[in-house]
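K.L.:
The structure under discussion is supplied below as structure tokens; questions concerning it will follow.
The values are calculated or read from the model by the stated rules, or taken from the named source; none is laboratory data. Quick caveat, the model's predicted, so the values are computed rather than measured. With ideal geometry, Cβ positions are generated from the backbone for all residues, glycine too; neighbour counts draw on all protein chains shown. The accessibility values were calculated without ligands, DNA or RNA, using every heavy atom of the protein model including side chains. Shrake-Rupley method; radii C 1.70, N 1.55, O 1.52, S 1.80 Å.
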Amino acid sequence: MSLIYQKTLSKKINLTGVGLHSGKKSHLSILPAKEDQGILFKRVDIDKNNLIKASFENVSSAKLCTTLENRYGAKVSTVEHLLAALYIAEIDNAIIEIDNEEVPIMDGSSKDFLKLLKQIGIVDQSKKRKYLKISDHIELVEGKRKISIEPNNSSLEVNFQLDYTNKIIGKQKNTVDFQKDNLKDISNSRTFCLFKDIEKIKKLGLAKGGSLENAIVVDNEKVLNQGGLRNEKEFVNHKILDLAGDFLLSGYRIIGKVICYQGGHELTNLFLRKLFKSNTSFRIIELNDFKISKKFQSQSLEKLAVNA
Ligand SMILES: [Zn+2]
């Protein structure tokens with residue numbers, strides 16, 4: 001598979017599940033789409049004005065999950081883990097039909113989405129993929145939270161640090177290169193919350209579908225899920241997964257090195273808005289515009305084979 005061309009999936013896939021926050025069951029289909037379509041959600045339970053483009057400009061709320069909304073008020077929420085799966089599977093163009101307001105949470109990670117996408121296969125399209133290549137450092141600071149991006153030669157690299165007073169999560173930190181590294185631990189990492197916050201979240205009318213089947217719950221001294229964590233850095237790895245999904249809302253694959261401290265959906269969205277206002281910080285390129293070694297391409301193929 002080439003990194004030069006746009007990609008879509010080879011045929012339609014279907015899945016069913018419950019929304020983490022709404023608790024509502026939905027049926028979701030991912031369909032192949034034409035070149036330059038990007039990712040488009042379609043609320044099939046609504047008769048008209050039901051298309052919602054997966055764009056950072058359509059994010060209407062990013063408190064505990066990312067919600068997209070079109071100008072007619074049609075919404076779809078918790079899109080981030082599905083988008084992250086599309087990011088990792090290298091898909092650029094897809095139509096996602098859904099018959100309710102929230103993407104199923106599945107197991108709280110991107111694992112199930114990715115498994116289905118890999119099973120049916122990804123196909124190259126004839127048009128070249130556009131990359132957003134960072135050419136200058138840009139940062140956003142919101143209180144103690146911080147996100148920045150700087151130039152990097154060939155891939156999206158993310159250095160993320162959490163800083164929780166909770167002892168189990170603590171100051172977990174990881175750096176991941178989305179082209180060179182095996183992304184299995186990233187795609188398998190589940191969303192998480194503190195046990196003490198559950199009441200508060202439920203009072204907001206959220207997490208109605210939440211359970212130990214789809215989220216890690218952390219008490220003062222321990223992880224409450226049977227079996228514990230899936231990998232040593234599952235908390236920060238999940239935040240990196242969220243960031244990849246939210247970054248796909250830029251409409252491009254971003255080439256740059258991200259450094260993020262205590263970030264989340266809201267900070268990422270504000271950052272993308274700032275980035276696109278600053279037209280001196282990036283260039284839009286096609287891959288033949290800059291040098292990419294044969295070795296790099298074969299590493300990428302290897303990565304997909306390992307994840308399959
Ligand atoms: Zn998440």
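K.L.:
How many residues does the stretch 230-280 contain that are without any contact (Cβ under 8 Å) to a residue 40 or more places away in the chain and among the acidic types (Asp, Glu)?
P.N.:
Summing the residues that are without any contact (Cβ under 8 Å) to a residue 40 or more places away in the chain and among the acidic types (Asp, Glu) in the stretch 230-280 gives 1.
K.L.:
Return the total of residues in the stretch 141-161 being surrounded by fewer than 19 Cβ atoms within 10 Å (Cβ to Cβ) and among the aliphatic types (A, V, I, L, M).
P.N.:
Count: 1.
K.L.:
Under the condition of being more than 20 Å from Gln262 (Cα to Cα) and out of contact with any strand residue (DSSP E or B) (no Cβ under 8 Å at 6 or more places or on another chain), which residue from the stretch 165-197 is nearest to the ligand (Cβ to nearest atom)?
P.N.:
Asn188
K.L.:
Counting just the residues of the stretch 112-160 that are within 27 Å of Gly170 (Cβ to Cβ) and among the polar types (S, T, N, Q), which one comes out nearest to the chain's Cα centre (by Cα)?
P.N.:
Filtering the stretch 112-160 for residues within 27 Å of Gly170 (Cβ to Cβ) gives 139-150, 156-160.
In the following step, the residues that additionally are among the polar types (S, T, N, Q) were identified as 148, 159.
Values: Ser148: 18, Asn159: 15 Å.
Per the criteria, the residue is Asn159.
K.L.:
While we're here: So which residues in the stretch 93-115 are more than 16 Å from the ligand (Cβ to nearest atom), in contact with a Gly (Cβ under 9 Å, 6 or more places away or on another chain) and in a loop (DSSP other than H, G, I, E, B), if there are any at all? Don't jump to the end; show me each part of the working.
P.N.:
Taking the stretch 93-115 as the starting set, the residues that turn out to be more than 16 Å from the ligand (Cβ to nearest atom) are 93-101, 115.
Then keep just the ones that are in contact with a Gly (Cβ under 9 Å, 6 or more places away or on another chain); that gives 93-94, 100-101.
Result: Asn93, Asn100, Glu101.
K.L.:
Next question. Among Leu248, Leu270, which is the only one that is part of a helix (DSSP H, G or I), away from the ligand (no atom under 16 Å from the Cβ) and hydrophobic (A, V, I, L, M, F, W, C)?
P.N.:
Values: Leu248 fails: away from the ligand (no atom under 16 Å from the Cβ).
Only one candidate passes the filter, namely Leu270.
K.L.:
Right, here's the next one. Can you confirm whether the stretch 108-118 contains a residue that is under 22 Å from Ser2 (Cβ atoms) and open to solvent by 30 Å² or more (accessible area, probe 1.4 Å)?
P.N.:
yes
K.L.:
For Asn279, only one of the following conditions fails: (1) more than 16 Å from the ligand (Cβ to nearest atom); (2) within 18 Å of Leu83 (Cα to Cα); (3) of a type in the set (S, T, N, Q). What is its number?
P.N.:
(2)
K.L.:
Related question: Restricting the search to the stretch 214-238, which residues are open to solvent by less than 30 Å² (accessible area, probe 1.4 Å), in a loop (DSSP other than H, G, I, E, B) and under 16 Å from Ser110 (Cβ atoms)?
P.N.:
Within the stretch 214-238, Asn214, Ala215, Asn231 meet the criteria.
K.L.:
Shifting gears a bit: Within the bounds of the stretch 77-99, is there any residue that is surrounded by fewer than 16 Cβ atoms within 10 Å (Cβ to Cβ), of a type in the set (Gly, Ala, Ser) and either without any contact (Cβ under 8 Å) to a residue 12 or more places away in the chain or closer than 23 Å to Phe276 by Cα (or both)?
P.N.:
So the first thing to find is which residues in the stretch 77-99 are surrounded by fewer than 16 Cβ atoms within 10 Å (Cβ to Cβ), and the list is none.
No, that holds for no residue.
K.L.:
If I filter the stretch 178-199 for residues that are open to solvent by 20 Å² or more (accessible area, probe 1.4 Å), closer than 22 Å to Lys25 by Cα, among the aliphatic types (A, V, I, L, M) and not in a loop (DSSP other than H, G, I, E, B), do I get at least one hit?
P.N.:
yes
K.L.:
Could you pull out every one of the strands (runs of 3 or more DSSP E) wholly within the stretch 40-92 that has 2 or more residues that are among the small types (Gly, Ala, Ser)? It would help to see each step written out before you state the result.
P.N.:
Working: elements: 51-53, 59-61, 67-69, 75-77.
Here the list reads 59-61.
K.L.:
Conditions: (1) closer than 30 Å to Asn288 by Cβ; (2) at pLDDT 95 or above; (3) open to solvent by 10 Å² or more (accessible area, probe 1.4 Å). Leu241 meets all but one. Number of the miss?
P.N.:
(3)
K.L.:
Turning to a different aspect of this structure: Run Asn279 past the list (1) surrounded by 13 or more Cβ atoms within 10 Å (Cβ to Cβ); (2) of a type outside the set (Phe, Trp, Tyr); (3) at pLDDT below 90 and report the number of the one that doesn't hold.
P.N.:
For Asn279, the failing item is (1).
K.L.:
Can I ask one more? Only one of Gly209, Gly170 is assigned to a loop (DSSP other than H, G, I, E, B), out of contact with any helix residue (DSSP H, G or I) (no Cβ under 7 Å at 6 or more places or on another chain) and without any contact (Cβ under 8 Å) to a residue 60 or more places away in the chain. Can you tell me which?
P.N.:
Details: Gly209 fails: without any contact (Cβ under 8 Å) to a residue 60 or more places away in the chain.
When all the criteria are applied, what remains is Gly170.
K.L.:
Okay, moving on. So which residues in the stretch 13-26 are open to solvent by 20 Å² or more (accessible area, probe 1.4 Å), within 21 Å of Ala89 (Cα to Cα) and in contact (Cβ under 8 Å) with a residue 60 or more places away in the chain?
P.N.:
Thr16
K.L.:
Output the residues belonging to the stretch 57-81 that are out of contact with any helix residue (DSSP H, G or I) (no Cβ under 8 Å at 6 or more places or on another chain) and within 14 Å of the ligand (Cβ to nearest atom).
P.N.:
Hits for the stretch 57-81 are Thr67, Ser77, Thr78.
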